[in-house]
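Notes follow once the structure below has been shown.
The values are calculated or read from the model by the stated rules, or taken from the named source; none is laboratory data. Note that the structure is a prediction, hence the values are computed from the model and not measured. We place every Cβ from the backbone using ideal geometry, glycine too, and count neighbours over all the protein chains shown. Side chains are part of the model used for accessible areas, which takes the heavy atoms of the whole protein and leaves out ligands, DNA and RNA. Shrake-Rupley method; radii C 1.70, N 1.55, O 1.52, S 1.80 Å.
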Amino acid sequence: SLGLEPNLRIYTVLMRNAFEAGDPETALKIFDVLEQANIQPDNYTYAILLQGLRDYDDPAVIERIISKSMASELNDWAATELLLCLYFLLERNKATNIYSTICGLYLDYFNPSPLRELGILPASVVTKNPKSTLKPPRAAVGIILSIFLKHHGTQQNVVDIFDRFRTGIVKRNELAELAIEDYTYNSFLHTASQWRGTLRFCADIIRGMTRGVKSRDPIWDPQK
């Protein structure tokens, strides 16, 4: 009635508005209309869908959107949203081997070098896509790091990984970007605060957060 020709941008904006209004069902209906009109979703469309469906309670619907997005050529932003959406789905389903699954998906899109630098790249997980050379945004690396610490963090490896993270900052390599966000430090704090043996190490993490971990002072050793 306004004389506007429906196009991908309009459909995507309407989906975003529906999600923001707390109405994911309407957003999904709009997506169905988009597909019926033979309009190809783009990275923005998939990123908005994946973000809006993180907490949706219908696994079949989420799996359908995940499958469709994986069949598309995602950019770094949309691929990061895919990682997070799949993670929430696996958590709700109490899946096993969550970290290996998410890490495998990460390697389908992103360069693995930041995970190698942190020492959290599983030996059993290999790069399946030889074209997975996208530079991972710090959010993607932060997601993988947080998932690793949550599912596989120990009193010793949290200290070792933080030391590698700090070394990356000093060397100004790609890990340095993780220091921009508080969630990186918060992930270490959340993990280290679980055990009495690493409670004192939390002070090192907080000091690193406030100073940007500029120095290379000897890190606290939980064995001493």
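Remarks
- Unique residue being within 18 Å of HIS151 (Cβ to Cβ) and among the aliphatic types (A, V, I, L, M) when the list is LEU82, LEU49, LEU90, LEU53: LEU90
- Residues that are in contact (Cβ under 8 Å) with a residue 24 or more places away in the chain and assigned to a helix (DSSP H, G or I) were ranked within the range 55-64; the one that is least open to solvent (accessible area, probe 1.4 Å) is ILE62.
- Close Cβ contacts (under 9 Å, 6 or more residues apart or on different chains) running from residues in the range 9-22 that are farther than 17 Å from LEU50 by Cβ to residues that are open to solvent by 50 Å² or more (accessible area, probe 1.4 Å) and assigned to a helix (DSSP H, G or I) comprise ARG9/TYR44.
- Residue within the range 27-37 that is free of Cβ contacts under 8 Å to residues at least 40 places away in the same chain and not in a helix (DSSP H, G or I) present: yes
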